[in-house]
Amino acid sequence: MSKPWRNELQRIVALLLTGILVGAIAGNIVIGLLMFITAYLCWHLYNVYRLVGWLREGKKFRLAETGSIWDDVFEHIYRLQQRNRKRKRNLRRLLKRFHKMTVALPDAIVELAPGSDEIEWWNDAAARFLGFTYPRDSGQRISNLLRSPAFLEYLHQQENYEQGIEMPSPVDEELTLRIRVIPYSGNRRLLVARDMTRMQRLERTRQDFVANVSHELRSPLTVISGYLETLLDAQGFGEEYASQLRSMQKQTERMNRIVDDLMLLSRLETEIPQADPEPVLVYGLIDSIVSQARELSGVEEHVIELDVDSGLCLKGRESELYSAFSNLVFNAVRYTAAGGLITIRWKASDGEAVFSVEDSGVGIASHQIPRLTERFYRVDNGRSRSTGGTGLGLAIVKHVLLRHEGWLEIESELDNGSEFRCHFPPGRCSTRINRSVGVGGLSQADAGLTAELK
Amino acid sequence: MDNLKISQHISKRYNAELEDIRSRVLAMGGLVEEQLKEAMLALENLNEELARNVIDNDVKVNAMEVSIDEECALILARRQPAASDLRLVVAVIKTITDLERIGDEAERIARMATSLVYYDGAGRLFTQIVMLGKRVRTMVHGALDAFTHLDTEKAVKVWSEDRFVDREYESLIRELMTYMMEDPHSIPVIVKAMSVTRAIEHIGDRASNICEYIIYLVNGRNVRHTRIDQHAEG
């Protein structure tokens, strides 16, 4: 038993005894007892009254001690009170800090109300980038303020928020924003917008630079290769000089190819893809690519096998698809030893269309695969140059696929061949048209091909 | 502005319906704005593909008009709105007609752009037209912003902008006519340029119409066929 309680018990006993004693002297014990019990009760009531008053006053001061169990009660309430006040102060400080943090953030942040498009809260950057003003826009649907169709589509698709979209700011056309929606805690959504203007300007400068440089390089190259040709035709040189001239010519040709590829790439990057592309008969493309590949193979005589669905068409631009597919096939020829096997497939599987080139060549180490589509990335510096690649082939493939909503899958093992697969979404494949187109042509043109036609 | 609060109905569904048509009108406005922007871009850069995109997308604008129209008819029949709700529905019905017309004008500009691609040096002629186009585009944007916030002040501002557009239109036409006189070979291009200018001017008119509906919606006052100085006070 704690001390206050013991004190209290002693007090009750003392009071009772005094009550009985006073009662006995007065002649009526019951009256005496009652008197003292009433006094005791009044004292307690008085303390309850003090407590209530204290609570009502705002509990700023400490209550005077009474030397009874009430001290305990007062003390505990007081301490609880202090603790709460401290906690509240901490919370307030934390909230203020958090608020300052969001204000300092360079990215715009907008909080949407649960399950709707209504704006609940936004930071200062959002006011700057998106033009929201308080309190006018509080509770407004965000779709009423950001009305770009691309944004609305992105906001309402509900499932794939990962990618985000880029759009000009509604306040300032020159400002490009990258907007992402992040779902959190159930059905709430957060919208984050980042200023991409500088990045975009940089990117555009780079694109312009590449396009201009390749354009500028082209005319001097044409002149040089023209003169070289005349010189070689002149035949006035000894064999020593002739071989040097031939090597010069070879290098100018290579440079020409690089410039061509660079121009193609910059065109792929900047041009808007066709809105409603025509279906392309891929079979026809493969046909002409294969005959070129045989030419490239020459004396090395690679075996090229075909497994092609002749009726399957792909919606897109023919010239672009041609450069992508031919790059893959020619790479296969370049990196496969003489007499090696190259398999070209064009089929529909699980709704999507897949173009793949498999070879039995040198293969690629797995750590190099992710970097393959970079410009001028070389797996083996010496080799690819001697085989006549420009170093831009796979970058072109990647960009063409991007423009056709496709993606590239690379499977390879060192010394064990590789397979490059281009996947195209179902929406891009079109119904088969006349199957007999070009079938006869191919089998006659090249008896070495085994064309499996379904 | 306080006399127009949509979210004060007992029926939550009714509120949502009214909010929805408002949002859909604004979404349609966003699409029209985009169409206009791309049409002007196609004209500026003589980009045929972009112009074709605009022409193809006009179907979407038309479809949106029809569906919002039906929705409005349904609300009129089912809820029989009164006062500000009725004004909202009426304003919406009128606004979408004008938005659809703006979409049509954007399509016309895009069509002109496709036919101008083949004229050499046509792009240079369009710098002023493109400037006017930008001005009209900010008008459309402003009108839609005013509709979002039910902001009559802004509406009046956009509305008065139309006078400048009209004036600029006239001087542009005069300039194009002098070009024609100077060089008769350029007449085919200039005629097309003129029709683009006319389309842009029409868009300005449509945008100011939308502003009139906003003033009607908020104040319940019809300001059509009146002059600006009579409403300067909003």
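We did not get these values from a lab; they are worked out from the coordinates using the rules stated. Being a predicted model, the structure only gives us computed values, none of them experimental. Quick reminder, even Gly has a Cβ in these numbers, built from the backbone with ideal geometry, and neighbours come from all protein chains shown.
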_Out-of-range pairs (alpha-carbon distance over 19 Å; input B:Lys37/B:Lys134; B:Lys37/B:Lys157; B:Lys157/B:Lys192; A:Lys315/A:Lys347)_ = B:Lys37/B:Lys157; B:Lys157/B:Lys192
_Going by Cα centres, segment B:155-195 and segment A:107-176 are how many Å apart?_
37 Å
*For A:Ser68 and A:Ile31, what does the FRET efficiency come to when R0 = 25 Å and r is the distance between their Cβ atoms, rounded to the nearest 0.05?*
0.45
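Over the whole of A:147-153, what's the average partner chain Cβ count within 10 Å per residue? Rounded to a whole number, please. Mind showing how you got there, number by number?
Working: counts 15, 6, 10, 3, 2, 5, 1.
Mean number of neighbouring Cβ atoms from other chains: 6.
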*What shape does segment A:182-321 have by the C-alpha gyration tensor, where a ≥ b ≥ c are the square roots of the eigenvalues, rounded means a/c under 1.5, and otherwise prolate means a/b greater than b/c and oblate the rest?*
oblate
*If you average the sequence gap of Cα pairs under 8 Å that are 6 or more apart and divide by the length of chain A, what percent do you get for the contact order?*
10 percent
_Net +/- balance of residues flanking B:Lys154 in space, Cβ distance below 12 Å, scoring K and R +1, D and E -1_ = -2
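Local charge sum around A:Val354 (other residues, Cβ-Cβ under 12 Å, Lys/Arg +1, Asp/Glu -1)?
Summing Lys and Arg as +1 and Asp and Glu as -1 gives -3.
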